[in-house]
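Only one structure is covered here, and it is reproduced in the block below.
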Amino acid sequence: MEATENQVIATQSLAPAWARLVATFFGAGRMQPGPGTWGSLAAILVWVVASKVTPEKWQPGILAGYIALAVALGIPAATKLCRSSGIKDPQFVVIDEVAGQWITLLFAPVTWKTVAVGFILFRGFDIVKPPPVRQLERLPEGTGIVADDIAAGVYALAIMQLLLHAGFLR
């Protein structure tokens, strides 16, 4: 039996503050409706701003570092919120969407077209969850929460790169 919304709010405070901040991506996961969509949009906003102050040749490396940090901190943070809320995959945990969205945008130039297409591709793969994405949700706790979005991001990255190399996103 899953916890009610009031119980979830009360038990979230049992998780350490760092885990709440990371897992909700500084509160983006608390936005309604569709916290996952808000998490993806927050990730895009952070990357667009960061790309403006990062030389283009360094952008893939910087974004890869962001992805590694989101995964490395996201798995334990998601695990802690999963345990404190009593929910297997809480909707307010969006660090997985952040990592997946950033994976999608890796190696893409930062333009309004690539950002828009990357958002649509990632959200589509995250919602549809083609094999083996859905199966990765079965992994325990934070690993399962984050792994399926990593896979969705890899699918979206592949399509994004095909579109870029075919010249559709000029």
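Cut-off is 10 Å between beta-carbons; in what order do VAL94, VAL46, VAL22, VAL115 appear when sorted fewest neighbours first?
Numbers: VAL94 34, VAL46 17, VAL22 23, VAL115 20.
If I rank by nearby Cβ atoms, fewest first, I get VAL46, VAL115, VAL22, VAL94.
The share of alpha-carbon pairs in the range 82-135 lying farther apart than 13 Å comes to 66%. Model label points for ALA64 and TRP18, set 7 angstrom from Cα along the Cα-to-Cβ axis, are 2.6 nm apart. Over all orientations, the range 114-160 has a Cα convex hull whose mean projected area works out to 2.9 square nanometres.
By the equivalent-ellipsoid construction on the alpha carbon gyration tensor, the range 26-170 comes out with semi-axes of 25, 16, 13 Å, ordered largest to smallest.
The relative contact order of the chain comes to 26 percent, based on Cα pairs under 8 Å that sit 6 or more residues apart. Bridgeable lysines around LYS80 (alpha carbons under 28 Å apart, same-chain partners fewer than 8 residues away excluded): LYS88, LYS129. Among GLU141, GLU97, GLU56, determine the one that fluctuates most according to a GNM of the chain built with springs between C-alpha atoms less than 10 Å apart. Among GLU141, GLU97, GLU56, the largest GNM mean-square fluctuation belongs to GLU56. Exposure proxy shown here: for SER40, SER51, the number of other Cβ atoms within 10 Å sets the order, fewest to most, as SER51, SER40. The range 100-117 and the range 36-77 have Cα centres spaced 11 Å apart. Taking the number of Cβ atoms within 10 Å of each Cβ as an exposure proxy, the fewest-first ranking of TRP102, TRP112, TRP47, TRP18 is TRP112, TRP18, TRP47, TRP102.
Every number here is computed from the coordinates shown, using simple stated rules; none is lab data. Quantities reported herein were computed from a predicted structural model and do not represent experimental measurements. Glycine gets a Cβ as well: all are built from the backbone with ideal geometry, and neighbour counts include every protein chain shown.
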